[in-house]
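One structure is given here, and the rest of the page talks about it.
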Amino acid sequence: MQISIYQIDAFTNETFGGNPAAVCPLDAWLPDEMMQKIAAENCVAETAFFVAEEDGYRIRWFTPRIEMDLCGHATLASAYVIVNHLNRDVSTIKFYSHSGILNVYVSNQLFTLDFPSRKAKICEAPQIILDAFKEKPIQVLKSRDFLLVYENESVIKNISPNQTLLDEINLDPGGIIVTAPGDSVDFVSRFFTPQADQFEDPVTGSAHCSLIPYWSERLTKSNLTALQISKRTGQLICEQKDHRVLIAGQAVTYMKGFILV
């Protein structure tokens, strides 16, 4: 069997920036075990598989270890493949997913994800999480992910959590977001996933489902700019809209080819 595969750098306009995702368009679904093996072999944070369905596409996302309920950068990468490699001249792409219907709006190579808003609530973090960060957060919240809020961008840039400690807890499919006001944007963030093959995710669209409602309320504005300041860095244009969030970014192709299985 020959399966098309594309590797796309999402939330960036430069190769080697943003977050890499593998994308496999399918004519029909493969067995779950096969998709999981492909994701493990690809060894990037997420591999997206999609199949044409009704007026859109059914999409699923796999890390090298598990299937995810939602993934932003691999959804953006999939929309990019549909427009740029499958040559579909569309302004809206509808994805059916475990997290409901996800629309992606396309305009001049800017891809805007219409995702569910996941408002985080104030909580007490497990002590092991607090012990893993030398820097004490000014606020801790939780939705799918724990959200640790700090005073400024410098703290986020220099933060270095104790991975050994964090790997003692299992947050699948969630993780730990650290965030603060940005120097040149509204807010910055980083994202850590204990027990994952990749401890720090370069750019995490799904984390912004919680970041956007938090910062929109705190800054009393609905349109926001954001940077995820990992080593690769990702640029995101954000909007809080009722019970949804809009997350926009660009993408570039790194590689295309075939899987032989």
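Of note:
- Estimated dipole of the chain in Debye, rounded to 20 [Cβ of Lys and Arg +1, of Asp and Glu -1, Cα centre]: 380 debye
- Using equal-weight Cα scatterers in the Debye expression, the normalised intensity of the stretch 2-113 in log10 at q = 0.17 Å⁻¹ is -0.74.
- Annotation note: chymotrypsin sites (Phe, Trp or Tyr not before Pro) in the stretch 171-235 located in DSSP loop regions with a Cβ neighbour count of at most 15 within 10 Å are F199.
- Candidate lysines - alpha carbon under 23 Å from K119, same-chain residues fewer than 8 apart omitted: K136, K142, K221, K241
- Applying D = kT/(6 pi eta Rh) to the stretch 121-240, where Rh is the Kirkwood radius over alpha-carbon pairs, T corresponds to 25 °C and eta to 0.890 mPa s, the Stokes-Einstein value obtained is 173 µm²/s.
- DSSP finds beta bridges in the stretch 121-240, and of those with both partners inside it, around 75 percent are antiparallel.
- Shape summary: the chain maps onto an equivalent ellipsoid whose semi-axes, from the alpha-carbon gyration tensor, are 29, 21, 16 Å in decreasing order.
- Taking the charge dipole of the chain about its Cα centre, with +1 at Lys and Arg Cβ atoms and -1 at Asp and Glu Cβ atoms, the residue from I212, F11, N223 reaching farthest to the positive side is N223.
- Helix 32-42 and the longest principal axis of the C-alpha atoms of the chain enclose an angle of approximately 70°.
- Mean-position separation - Cα centroids, the stretch 171-198 and the stretch 116-149, in angstrom: 10 Å
- Between the helical axis of 72-84 and the longest alpha-carbon principal axis of the chain there is an angle of about 30 degrees.
- Projecting the Cα atoms of G257, N158, F49 onto the charge dipole of the chain, computed from C-beta unit charges around the Cα centre, puts N158 farthest toward the positive end.
- Stretching the chain fully between N162 and I138 yields a gain of 6.7 nm (0.36 nm per residue, less the alpha carbon separation).
- Nearest 10 degrees, 0 to 90: helix 208-219 Cα axis against the chain principal axis: 40 degrees
Taken together, the values in this text are just the output of simple stated rules run on the coordinates, not laboratory data. This is a predicted model, so every value here is computed, not measured. Heads up, the Cβs are rebuilt from the backbone with ideal geometry, glycines too, and the neighbour counts pull from every protein chain shown.
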